[in-house]
Amino acid sequence: MNEIDIRAQLGLRPIINVSGTMTALGASIVVPEAVAAVSAILGEFVEIDDLQRKASTVIARLCATEAGFVTASCAAAITLAVAGAMTGDDLSAVERLPDATGLKHEVVILAGHMVSYGAPIEQGIRLAGASVVPVGQATSARHHQLAGAITANTAAAVFVVSHHVVQYGMLPFADFVEIAHARGVPVIVDAASEYDLRCFLAAGADLALYSSHKFLGGPTGGILAGRKPLVRAAYLQNGGIGRGMKVGKEGIAGTIAALQAWEHRDHAGIRATENGALELWMTTLAGRPGITATIEPDPTANPLDRLRLAVDPAAAHITAWDLADRLAAGPRPVIVRDHEIEHGFFYLDPCNLHPGEAAIVATRLGDELARAQASNEVVATSFTERRLRQARRRQSWPD
Ligand SMILES: *Cc1c(COP(=O)(O)O)cnc(C)c1O
């Protein structure tokens with residue numbers, strides 16, 4: 001936390017984030033190198049094409065590929081990549097989008113990859129004027145289904161790597177690439193949260209897309225990297241539908257700095273600090289009635305473990321979601337990772353902690369579990385009511 005916490009000035013709660021890199025919570029702690037670059041460039045004029053040329057060389061080096069540029073977000077990169085695959089370098093087509101008349105306009109994507117990262121991925125594809133062609137079923141994708149979905153109108157094949165996607169029954173990436181490439185279709189990989197900047201391009205992706213503001217600790221932005229003609233075609237969209245997804249000089253300079261810092265980051269040291277937090281929480285939770293704590297690796301094999309905290313309400317005297325809501329309340333709110341909480345568990349993600357916060361999380365966990373234990377009744381509010389309450393709160397913003 002900064003010495004002067006701007007959150008107090010703005011009347012915001014001083015939340016502690018153990019949910020991961022969530023856009024709704026401000027994504028990540030921006031690394032000092034990126035903070036410095038952002039503030040250094042804000043007062044200057046620059047030639048954006050040149051700044052993006054510099055970004056291209058840095059992205060190309062880190063991703064071991066031909067070219068790249070910085071976008072407003074990974075979501076923007078999805079739309080721009082698809083648009084570029086449709087228009088190529090035809091500037092009149094760039095200006096006609098999202099009218100796709102006369103262009104290849106179909107985009108194939110496995111049904112099990114059609115997830116929401118806060119917005120539906122297929123909407124990001126359709127924004128370019130493309131039609132989404134789902135392949136297979138929610139939990140199954142077979143070779144013939146991808147092959148059969150590709151037509152003369154197919155502009156691109158989108159592959160999503162994420163904990164959100166169905167993790168079984170899908171086509172392996174290598175097979176996806178082989179089938180698409182055999183039919184001349186470029187492969188775009190949404191790897192927004194993946195630490196490995198090279199593996200998908202090395203395995204045949206034509207474009208790989210990342211977020212700047214997740215594991216990299218950059219400012220809000222995205223990275224579009226890969227084969228030069230497709231990168232260029234995507235870049236040209238800045239004179240078309242990309243205008244409303246504009247990244248500023250600060251986003252570009254900050255992302256360059258975050259990438260350069262990533263090259264020199266003490267990855268082992270950071271992992272050790274994260275593991276220290278997990279061990280502390282394991283100790284705090286040991287022997288608590290109704291609580292089962294386990295350490296789990298990241299589902300997409302990022303070098304990151306999380307603590308899975310499962311709650312037996314009868315023994316703990318509280319449900320998982322009521323515990324999460326109590327942790328999120330009070331003067332030191334702790335926001336947990338609750339994607340699967342209806343199953344009675346949530347995660348604690350140690351990748352976004354300031355010094356001292358792991359200990360506060362431990363105290364808060366201990367206090368809330370002891371308080372529930374001391375209650376004579378099981379704290380069990382309706383899960384459906386919780387969901388509806390969250391939806392109502394969103395729909396009544398800004399009230
Ligand atoms: C976070 C995420 C996105 C969106 O990234 P932004 O940079 O926040 O727009 C897209 N796809 C996946 C798989 C994500 O995890």
Original post:
Which one is surrounded by the fewest Cβ atoms within 10 Å (Cβ to Cβ) among residues in region 207-222 that are within 9 Å of the ligand (Cβ to nearest atom) and not hydroxyl-bearing (Ser, Thr, Tyr)?
Top reply: Lys214
Original post:
What pairs come up if the first residue lies in region 217-234 and is over 11 Å from Ser73 (Cβ atoms) and assigned to a loop (DSSP other than H, G, I, E, B), the second is at pLDDT 95 or above and more than 16 Å from the ligand (Cβ to nearest atom), and their beta carbons are under 6 Å apart, counting only those six or more places apart or on different chains?
Top reply: Gly217/Val31; Arg227/Glu66; Arg227/Asp206
**OP:** Name the residue, out of Ala83, Ala67, Ala77, that is under 18 Å from the mean Cα position of the chain (by Cα) and open to solvent by less than 20 Å² (accessible area, probe 1.4 Å).
**Re:** Ala77
Original post:
Quick one: in region 351-365, which of the residues that are of a type outside the set (A, V, I, L, M) and assigned to a helix (DSSP H, G or I) is nearest to Pro14 (Cα to Cα)?
Top reply: Glu357
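Quick grid of which residues meet (1) within 12 Å of the ligand (Cβ to nearest atom); (2) open to solvent by 30 Å² or more (accessible area, probe 1.4 Å); (3) charged (D, E, K, R); (4) under 26 Å from Thr220 (Cα atoms):
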site: Pro98; (1), (2), (3), (4): no, yes, no, yes
site: Glu106; (1), (2), (3), (4): no, yes, yes, no
site: Ser162; (1), (2), (3), (4): yes, no, no, yes
site: Glu178; (1), (2), (3), (4): no, yes, yes, no
site: His181; (1), (2), (3), (4): no, yes, no, no
Original post:
So is Lys54 assigned to a helix (DSSP H, G or I), in the same structural domain as Met245 (by TED's automatic domain parsing) and either of a type in the set (Lys, Arg) or more than 26 Å from the chain's Cα centre (by Cα) (or both) or not?
Top reply: yes
Subject >> Single residue of Ala119, Ala147, Ala141, Ala128 found to be touching a strand residue (DSSP E or B) at 6+ places or on another chain (Cβ under 6 Å) and open to solvent by less than 40 Å² (accessible area, probe 1.4 Å) >> reply: Ala141
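Conditions tested, residue by residue: (1) of a type outside the set (A, V, I, L, M); (2) closer than 29 Å to Cys351 by Cβ.
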site: Ile179; (1), (2): no, no
site: Pro186; (1), (2): yes, no
site: Val189; (1), (2): no, yes
site: Asp196; (1), (2): yes, yes
site: Leu201; (1), (2): no, yes
site: Ala205; (1), (2): no, yes
site: Lys214; (1), (2): yes, yes
site: Arg232; (1), (2): yes, no
site: Leu236; (1), (2): no, no
Original post:
Only one residue in Gly118, Gly26, Gly84 is of a type in the set (Gly, Ala, Ser) and out of contact with any helix residue (DSSP H, G or I) (no Cβ under 6 Å at 6 or more places or on another chain). Which one?
Top reply: Gly26
Original post:
Right, Leu62: open to solvent by less than 60 Å² (accessible area, probe 1.4 Å), modelled with pLDDT of 95 or more and among the hydrophobic types (A, V, I, L, M, F, W, C) or not?
Top reply: yes
Original post:
Of the residues that sit in region 339-350 and are open to solvent by less than 40 Å² (accessible area, probe 1.4 Å) and in a loop (DSSP other than H, G, I, E, B), which one is nearest to Pro313 (Cα to Cα)?
Top reply: Gly344
**OP:** Please go through region 118-156 and pick out each residue that is within 16 Å of the ligand (Cβ to nearest atom) and either within 13 Å of Met86 (Cβ to Cβ) or modelled with pLDDT of 95 or more (or both).
**Re:** Ala119, Pro120, Ile121, Glu122, Gln123, Gly124, Ile125, Arg126, Leu127, Ala128, Val132, Ala156
**OP:** Return the pairs, sorted by first residue and then second, in which the second residue is charged (D, E, K, R) and open to solvent by 40 Å² or more (accessible area, probe 1.4 Å), the first residue lies in region 105-121 and is within 15 Å of His163 (Cα to Cα), the beta carbons are less than 6 Å apart, and the residues are 6+ apart or on different chains.
**Re:** Met114/Glu122
Original post:
If you take the residues in region 232-256 that are open to solvent by less than 20 Å² (accessible area, probe 1.4 Å) and over 21 Å from the mean Cα position of the chain (by Cα), which one is nearest to Asp196 (Cα to Cα)?
Top reply: Ala233
**OP:** Kindly state which helices (runs of 4 or more DSSP H) lie completely within region 257-331 and contain at least 2 residues that are in contact (Cβ under 8 Å) with a residue 12 or more places away in the chain and open to solvent by less than 20 Å² (accessible area, probe 1.4 Å).
**Re:** 267-285, 320-327
Subject >> Filter result (in contact (Cβ under 8 Å) with a residue 60 or more places away in the chain and away from the ligand (no atom under 16 Å from the Cβ)) within region 72-95 >> reply: Gly84, Ala85, Met86, Thr87, Gly88, Asp89, Leu91, Val94, Glu95
Original post:
Of all residues in region 165-176, which are part of a loop (DSSP other than H, G, I, E, B), without any contact (Cβ under 8 Å) to a residue 60 or more places away in the chain and within 16 Å of the ligand (Cβ to nearest atom)?
Top reply: Val165, Val166
Subject >> Residue ID - farthest from Gln260 (Cα to Cα), chosen from residues in region 187-206 that are acidic (Asp, Glu) and within 11 Å of the ligand (Cβ to nearest atom) >> reply: Asp190
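The values are calculated or read from the model by the stated rules, or taken from the named source; none is laboratory data. Predicted, not measured: the structure shown is a model, and the values here were computed from it. So basically every Cβ, Gly included, is an ideal-geometry build from the backbone, and we count neighbours across all protein chains shown. Heavy atoms of the whole protein, side chains included, go into the accessibility calculation; ligands, DNA and RNA do not. Shrake-Rupley method; radii C 1.70, N 1.55, O 1.52, S 1.80 Å.
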